[in-house]
Amino acid sequence: MSAGTSVRETARQLNISLGTTSKIYASNKENMPVNKGGRPRKIQANTVEYLKLHMMRGSLRTAKEARDKANELLPAPVSTTTIRRRLREAGLIAKRKVKRPALKPCHIKGRKIFVKKYKEWT
(Lines give C-alpha, C1' and ligand atoms only; values in the text may rest on other atoms or scores of the structure.)
Protein backbone atom coordinates (compact mmCIF):
# COMPACT_ATOMS: atom_id res chain seq x y z
CA MET A 1 0.00 0.00 0.00
CA SER A 2 2.87 2.36 0.70
CA ALA A 3 4.20 1.54 -2.79
CA GLY A 4 0.95 2.83 -4.31
CA THR A 5 -0.87 -0.49 -4.60
CA SER A 6 -4.50 -0.81 -3.58
CA VAL A 7 -5.76 -2.64 -0.49
CA ARG A 8 -7.14 -5.41 -2.70
CA GLU A 9 -3.84 -5.88 -4.57
CA THR A 10 -1.91 -5.92 -1.29
CA ALA A 11 -4.26 -8.55 0.17
CA ARG A 12 -3.80 -10.71 -2.93
CA GLN A 13 0.02 -10.34 -2.83
CA LEU A 14 0.28 -11.18 0.89
CA ASN A 15 -2.38 -13.90 0.66
CA ILE A 16 -4.43 -12.49 3.57
CA SER A 17 -8.05 -11.42 3.75
CA LEU A 18 -9.26 -8.07 2.47
CA GLY A 19 -10.70 -7.21 5.91
CA THR A 20 -7.37 -7.78 7.67
CA THR A 21 -5.58 -5.69 5.07
CA SER A 22 -8.14 -2.90 5.47
CA LYS A 23 -7.72 -2.90 9.26
CA ILE A 24 -3.92 -2.71 8.95
CA TYR A 25 -4.27 0.12 6.45
CA ALA A 26 -6.73 2.00 8.69
CA SER A 27 -4.43 1.74 11.73
CA ASN A 28 -1.43 3.02 9.72
CA LYS A 29 -3.26 5.49 7.52
CA GLU A 30 -1.31 8.56 8.73
CA ASN A 31 1.96 6.90 7.65
CA MET A 32 0.69 5.98 4.18
CA PRO A 33 1.24 8.33 1.23
CA VAL A 34 -1.85 9.85 -0.32
CA ASN A 35 -2.27 9.38 -4.06
CA LYS A 36 -3.41 12.74 -5.38
CA GLY A 37 -4.21 11.29 -8.78
CA GLY A 38 -3.62 13.01 -12.08
CA ARG A 39 -0.87 12.70 -14.62
CA PRO A 40 2.61 11.84 -13.27
CA ARG A 41 5.22 14.55 -13.60
CA LYS A 42 7.72 14.37 -16.43
CA ILE A 43 10.49 15.71 -14.22
CA GLN A 44 11.30 13.96 -10.93
CA ALA A 45 12.12 15.87 -7.73
CA ASN A 46 15.75 14.74 -7.73
CA THR A 47 16.23 16.08 -11.28
CA VAL A 48 14.75 19.42 -10.22
CA GLU A 49 17.14 19.55 -7.24
CA TYR A 50 20.05 18.73 -9.56
CA LEU A 51 19.07 21.57 -11.92
CA LYS A 52 18.52 23.96 -9.02
CA LEU A 53 21.97 23.18 -7.62
CA HIS A 54 23.65 23.80 -10.98
CA MET A 55 21.66 27.02 -11.50
CA MET A 56 22.79 28.31 -8.11
CA ARG A 57 26.41 27.29 -8.74
CA GLY A 58 26.35 29.13 -12.05
CA SER A 59 27.12 26.25 -14.40
CA LEU A 60 23.61 26.65 -15.86
CA ARG A 61 22.58 30.23 -16.52
CA THR A 62 19.27 30.08 -18.41
CA ALA A 63 16.17 27.93 -18.50
CA LYS A 64 17.12 26.82 -22.01
CA GLU A 65 20.46 25.50 -20.77
CA ALA A 66 18.64 23.75 -17.90
CA ARG A 67 16.17 22.25 -20.40
CA ASP A 68 19.00 20.91 -22.55
CA LYS A 69 20.68 19.37 -19.50
CA ALA A 70 17.37 17.87 -18.30
CA ASN A 71 16.68 16.41 -21.76
CA GLU A 72 20.05 14.66 -21.58
CA LEU A 73 19.07 13.10 -18.23
CA LEU A 74 15.39 12.30 -18.84
CA PRO A 75 13.89 9.65 -21.13
CA ALA A 76 11.20 12.02 -22.48
CA PRO A 77 11.88 15.61 -23.56
CA VAL A 78 10.55 18.49 -21.47
CA SER A 79 9.85 22.08 -22.46
CA THR A 80 11.50 25.24 -21.21
CA THR A 81 8.22 26.28 -19.62
CA THR A 82 8.12 23.08 -17.56
CA ILE A 83 11.68 23.69 -16.38
CA ARG A 84 10.82 27.28 -15.38
CA ARG A 85 7.73 26.11 -13.52
CA ARG A 86 9.57 23.39 -11.59
CA LEU A 87 12.49 25.69 -10.70
CA ARG A 88 10.03 28.33 -9.47
CA GLU A 89 8.33 25.68 -7.29
CA ALA A 90 11.79 24.72 -5.98
CA GLY A 91 12.34 28.29 -4.78
CA LEU A 92 14.37 29.88 -7.57
CA ILE A 93 13.25 33.31 -8.70
CA ALA A 94 14.05 34.67 -12.15
CA LYS A 95 16.11 37.80 -11.63
CA ARG A 96 19.36 39.22 -12.86
CA LYS A 97 22.47 38.79 -10.80
CA VAL A 98 23.70 42.11 -9.42
CA LYS A 99 27.16 42.96 -10.72
CA ARG A 100 29.40 44.51 -8.11
CA PRO A 101 32.88 45.89 -8.58
CA ALA A 102 35.69 43.78 -7.18
CA LEU A 103 37.48 45.15 -4.13
CA LYS A 104 40.83 46.73 -4.84
CA PRO A 105 43.84 45.69 -2.71
CA CYS A 106 43.74 49.03 -0.84
CA HIS A 107 40.09 48.40 0.14
CA ILE A 108 40.91 44.88 1.38
CA LYS A 109 43.80 46.25 3.43
CA GLY A 110 41.58 48.97 4.90
CA ARG A 111 38.94 46.44 5.91
CA LYS A 112 41.54 44.25 7.63
CA ILE A 113 42.83 47.25 9.60
CA PHE A 114 39.27 48.17 10.62
CA VAL A 115 38.50 44.60 11.75
CA LYS A 116 41.67 44.40 13.85
CA LYS A 117 41.04 47.82 15.38
CA TYR A 118 37.42 47.20 16.37
CA LYS A 119 37.61 43.46 17.08
CA GLU A 120 36.44 43.89 20.70
CA TRP A 121 33.13 45.46 19.62
CA THR A 122 31.60 42.04 19.03
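Loop only by DSSP, 11 or fewer other Cβ within 10 Å of the Cβ. Give me the trypsin sites (Lys or Arg not before Pro) in the stretch 3-50 that pass, ordered by residue number. Numbers along the way, then the final one.
Details: sites: 8, 12, 23, 29, 36, 41, 42; in loops: 36, 41, 42.
For trypsin sites (Lys or Arg not before Pro) across the stretch 3-50 that sit outside H, G, I, E and B with at most 11 neighbouring Cβ atoms in 10 Å, the list reads 36.
Can you give the accessible area of residue 72 in Å² (nearest 10), computed on protein heavy atoms with a 1.4 Å probe?
130 Å²
Tell me the mean residue ellipticity at 222 nm calculated for the chain from its helices only (DSSP H runs of n ≥ 4, each -39500 (n - 2.57), averaged over every residue, nearest 500).
Numbers: 6 runs with 65 residues, N = 122.
Calculated at 222 nm, the ellipticity per residue is -16000 deg cm²/dmol.
Can you give the accessible area of residue 82, probe radius 1.4 Å, in Å² rounded to 10?
30 Å²
Considering only Cα-Cα distances, which of the following residue pairs are longer than 32 Å: 36/69; 64/99; 69/112; 69/97?
Working: 36/69 29 Å; 64/99 22 Å; 69/112 42 Å; 69/97 21 Å.
Too far apart for the 32 Å limit: 69/112.
Run down the lysines and flag those whose C-alpha is under 22 Å from the C-alpha of residue 119, throwing out any fewer than 8 positions away in its chain.
In chain and number order, the partners are 109.
First check a/c for the stretch 45-90, with a ≥ b ≥ c the square roots of the eigenvalues of its C-alpha gyration tensor; if it is under 1.5, answer rounded, and if not, answer prolate when a/b is larger than b/c or oblate otherwise. Before the final figure, lay out the partial values.
Values: a/c = 1.37, a/b = 1.27, b/c = 1.08.
Rounded.
On C-alpha positions alone, give me the angle between the axis of helix 45-57 and the longest principal axis of the chain, in degrees, nearest 10.
Taking the Cα atoms of the chain, the angle to 45-57 is about 0 degrees.
Dipole magnitude of the stretch 45-90 about its Cα centre, charges +1 at Lys/Arg Cβ and -1 at Asp/Glu Cβ only, in debye to the nearest 20?
On the way: 10 positive and 5 negative charges, 41 e Å.
For this selection, approximately 200 debye.
Percent of accessible area on the chain owned by carbon and sulfur, 1.4 Å probe?
Numbers: 5830 of 10650 Å².
So the carbon and sulfur contribution to the accessible surface is 55 percent.
Specify the inter-centroid distance of the stretch 1-36 and the stretch 62-122, based on alpha-carbon positions, in whole Å.
45 Å
The values are calculated or read from the model by the stated rules, or taken from the named source; none is laboratory data. None of these values were measured; they are calculated from a predicted model. Methodologically, a virtual Cβ is constructed for each residue, glycine included, from the backbone with ideal geometry; neighbour enumeration extends over all protein chains shown. Side chains are part of the model used for accessible areas, which takes the heavy atoms of the whole protein and leaves out ligands, DNA and RNA. Shrake-Rupley method; radii C 1.70, N 1.55, O 1.52, S 1.80 Å.
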